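For reference, the structure is listed below as structure tokens.
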Amino acid sequence: MPNPDHWEKLSDCARAAEDHRDLSAPFGFSTRVAALWAAGARPLVPNMWEWMSVRSVAVALGVMALTLAFNSDLFSRGFSIEVSVIDTIDGPIL
Amino acid sequence: MDEDELDVPDCINRVRLRDEDAARALTEHLYPLVIKIIRSHLPRRGDEQDLAQDVFLKVFSRLDQYQGDVPLSHWVSRIALTTCLDRLRAQMRRPEWRMADLGETEAEILQSTLRIENEPQPGQALAARDLIEKLLDRLKPEDRLVITLLDLEEKSVAEIRDLTGWGESAVKVRAFRARRKMRQLIDLLEPENRNAKS
């Protein structure tokens with residue numbers, strides 16, 4: 001059975017402990033807090049334009065990758081344009 | 001800024017109008033109150049400045065909700081306490097430790113406490129406080145908060161109710177549970193009891 005006086009004795013003794021640490025705000029603390037507050041907390045719902053622009057970049061990169069994948073033959077040929085005689089006959093440039 | 005010179009209601013109004021100088025002055029004014037609460041409840045954590053910063057940002061972001069029906073210090077204390085509680089919940093760890101893990105002075109104060117005929121000496125107060133901090137780490141954050149306020153800061157149940165927003169019976173139940181747990185923990189540190197339980 002625990003002795004009920006133990007906690008009481010210990011807490012009585014601990015209450016006598018004095019905390020001599022400085023209670024004033026450290027240099028620059030209030031300036032930092034005020035600046036953070038003035039800058040405003042980041043909104044919980046991100047800005048719609050910001051959100052859309054990030055998505056737009058992602059979509060643009062995706063489209064670019066798909067285009068490159070489907071036209072790889074074009075790049076493998078090194079952009080060399082081979083105009084055959086038949087092409088010229090079928091579709092003459094007037 | 002000197003506390004006596006600060007016109008708190010005027011300062012609050014200016015902060016509401018986004019006056020940065022007023023925010024700085026209010027921070028300086030309230031800092032001792034906030035840091036005292038943080039040190040009482042999270043004394044062994046090294047990030048007291050970060051926590052104080054969180055408290056002030058909460059205070060400023062909610063300042064429009066402050067109606068002035070309670071003193072500003074009470075309102076801020078409540079925010080500081082709930083912030084400490086959130087941090088305790090987030091960092092909750094209950095390390096196992098034994099008599100051998102205690103420092104020399106902590107072991108001495110424990111021996112004084114365990115012996116009925118011995119009374120802890122006033123010079124052992126800091127060691128007692130350190131020992132209590134270790135014991136408090138083993139409690140649930142809510143129980144820890146209540147027993148700190150009640151038995152170490154000697155606040156009344158009504159004051160704790162106002163500070164935490166919990167009902168009086170909830171405060172009493174938590175206090176009862178926390179005291180019982182503390183007594184058990186102290187008892188477990190007694191070598192004879194440890195040997196008997198192991």
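The values are calculated or read from the model by the stated rules, or taken from the named source; none is laboratory data. What you see is a predicted model; the values in this text were computed from it and never measured. Don't worry about glycine lacking a Cβ; one is built from the backbone with ideal geometry, like all the others, and counts go over all protein chains shown.
Data overview
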{"read-out": "Of all residues in the range A:29-43 being more than 7 Å from chain B (Cβ to nearest Cβ) and not in a helix (DSSP H, G or I), the one that is modelled with the highest pLDDT", "value": "A:Gly40"}
{"read-out": "Unique residue being at pLDDT below 70 and of a type outside the set (Lys, Arg) when the list is B:Pro71, B:Pro122, B:Pro141", "value": "B:Pro122"}
{"read-out": "Residue list for the range B:166-198, restricted to those being among the acidic types (Asp, Glu) and modelled with pLDDT of 80 or more", "value": "B:Glu168, B:Asp187"}
